[in-house]
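For reference, the structure is listed below as structure tokens.
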Amino acid sequence: MILRGAIGGTLLALVAGAAAADHFTSIDLGRVSDRDTCMAQARTVFEIYGRSYGAEVFVSSGSWTVSGWDLPPIGADVNVMCVEVGGVWNAFATGHVSGDGETPEATVEQLRDMFQK
């Protein structure tokens, strides 16, 4: 009886987990001159993006990443990575949204357009 209850609970958890989808999208932002410039540009773009929606965006930084959290209008989280491969610096962005609703593609594409200006 205990085994059946544990299996039933596990199956219920798996079915409930499958109903909640996460959406990710990644995009190449293009070449940059160096990591510091890339990170400063990413931070500025997140701030400008937030102001364009009348919102203040929470931004955090790592040693080679900058993240914007809960970006309007859909609450996307976006991470910009500033990486060097073979002596060339490049920036990439990955956006994430939880749930069954919107995907972060439009948000990431809008940030890319702002980043490339």
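Listing for the model above:
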{"read-out": "Filter pass, THR94 being modelled with pLDDT under 95, under 11 Å from the mean Cα position of the chain (by Cα) and under 19 Å from MET114 (Cα atoms)", "value": "no"}
{"read-out": "Hits in the stretch 59-113 - residues which are in contact (Cβ under 8 Å) with a residue 60 or more places away in the chain and within 14 Å of VAL32 (Cα to Cα)", "value": "ASN90, ALA91, PHE92, ALA93, ARG112"}
{"read-out": "Condition check for ASP28: charged (D, E, K, R) and on the phi > 0 side of the Ramachandran plot", "value": "no"}
{"read-out": "In the stretch 24-56, the residues that are touching a residue at least 60 places away in the same chain (Cβ under 8 Å) and either within 13 Å of ASP70 (Cα to Cα) or touching a helix residue (DSSP H, G or I) at 6+ places or on another chain (Cβ under 9 Å) (or both)", "value": "THR25, SER26, ILE27, ASP28, LEU29, GLY30, GLN41, ALA42, VAL45, PHE46, ILE48, TYR49"}
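The values are calculated or read from the model by the stated rules, or taken from the named source; none is laboratory data. Keep in mind it's a predicted model, so treat the numbers as computed, not measured. All Cβ positions, even for glycine, are placed from backbone atoms using ideal geometry, and neighbour counts span all protein chains on display.
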